[in-house]
C-alpha cells in the first residue's frame, strides 16, 4: 500500500486527473457542440480515448523523471515529500519513466496513424524528449524551462484540436464555419493554459529559490532577483485579466450572464487577489499559497468549458 501511495505521488495523480478533465471537457463541451454531436470522421471516439491515455502516460513519465533528477533539490525544498530512493528505488524510477514514455508513444501511434498524423506523432515524441531535457537542464535555466512547461500545458488542448484534421492540403484549404469557431475556442483555451502555467512556474521558482540556488540553478528569481520576478508575473497577470475582461464584454451581447458571472467571480477576482498578494509575499510558504491559488484558477478556467455545452 505504501508503494502504491508513493507511486501515485510520484506521477502527480491530481495533475493527471486535471489533464484528462481538460481534454474531456474540450471534446464534449466544445468540439461536439460546435459540430452538434455529429461524427466528423470514423472512429473519432476511439481516437480521442487513445489520445487521452497517451497524454496521461507521457505526463506521468515526465513527472517521474523530474523527481528523479530533482532529488537533491527536493530534499531541501520539500523534504517531507521525497519519494525517490526513500520509498521507490532510483532504478525502478528510471524503469517506470522509460516504460510509461514508450507506452505513451505507442498509444499515440494507435490514435494517430502515421499516414495522416505523422506530425502529431512526431510532436508527442518531441514532448517526451523535451520533458527529459527539462528535468536534466532546461528547468535550471532562465525562462527556458518555464516556457517549455507552458507550451506542453497548451499542447494538452492543441493535440485534441489538431487530431480532428488530417494533414491533407485539400482539407486545409476547405475550411468551413465550424472549423473557424473550433479554432477560436482552441486558441482561447490554449493561450489561457500557456499564460496561467507560465505565471505558476515562475511563482514556483520563487518558492523553491533556496534549493535551486544551492544546486546551481539559474532560474528567474536567482538571476533577476525576487522583485523583477514579481514584476514579470504581475505583467502577465494584468495581461490575462485584461484579456478576460475583454472576452466578457464580447459575451454581453449574447446574454451569457451565467458564464460572465462565473468568469468574474471565479477567475478574474482570484487573479486580482493573487496580484495583490504577490508583492507582499516573501517566504516559501506565502509563495506556495499563491502557487495553489493559481492552480485553482487553472481549474476554474478549464471548467468554464462546461458553459459552452449550453450556449453553443
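I'd like the FRET efficiency for residue 242 and residue 178, computed as 1/(1 + (r/R0)^6) with the beta carbon distance as r and R0 of 45 Å, rounded to 0.05.
0.95
List the relative contact order of the range 67-176 as a percent without decimals, with contacts defined as Cα pairs under 8 Å and 6+ residues apart.
Relative CO of the range 67-176 lands at 21 percent.
Could you tell me what a quarter of the Cα convex hull surface of the range 209-267 works out to, in nm² with one decimal place?
That works out to 5.2 nm², a quarter of the Cα hull's surface.
Sort the following peptides by mean Cβ neighbour count (other Cβ atoms within 10 Å, averaged over residues), highest first: 269-280, 127-138.
127-138, 269-280
Between residue 283 and residue 261, take the C-beta separation as r, use R0 = 35 Å, and let me know the FRET efficiency to the nearest 0.05.
0.55
Semi-axes of the equivalent ellipsoid for the range 1-124, please: Cα gyration tensor eigenvalues, times 5, square-rooted, ordered largest first, whole Å.
One finds semi-axes of 33, 16, 11 Å for the range 1-124.
Within the P(r) computed for the range 109-254, what percentage of the Cα pairs occupies the region above 19 Å?
63 percent
Sticking with the crude label model, points 7 Å out along Cα→Cβ, report the distance from residue 110 to residue 311 in nm, one decimal please.
3.6 nm
What would the Debye formula give as log10 I(q)/I(0) at q = 0.13, 0.16 Å⁻¹ for the alpha-carbon point model of the range 2-311, no solvent?
Here the Debye-derived log intensity ratios amount to -1.01, -1.40.
Taking just the C-alpha trace of the range 81-139, give me its Rg and Dmax in Å.
Here Rg and the maximum Cα pair distance are 14.3, 45 Å.
What FRET efficiency comes out for residue 249 versus residue 213 if R0 is 41 angstrom and r is the Cβ-Cβ distance? Round to the nearest 0.05.
0.40
Which three semi-axes in whole Å describe the equivalent ellipsoid of the range 238-280, each the square root of 5 times a Cα gyration tensor eigenvalue, listed largest first?
Equivalent-ellipsoid dimensions as semi-axes: 23, 11, 4 Å.
Coordinate-derived values only; no laboratory data. Because the structure is predicted, anything quoted here is derived from the model rather than measured. Using ideal geometry, Cβ is built from the backbone for each residue, glycine included, and neighbour counts are taken over all protein chains shown.
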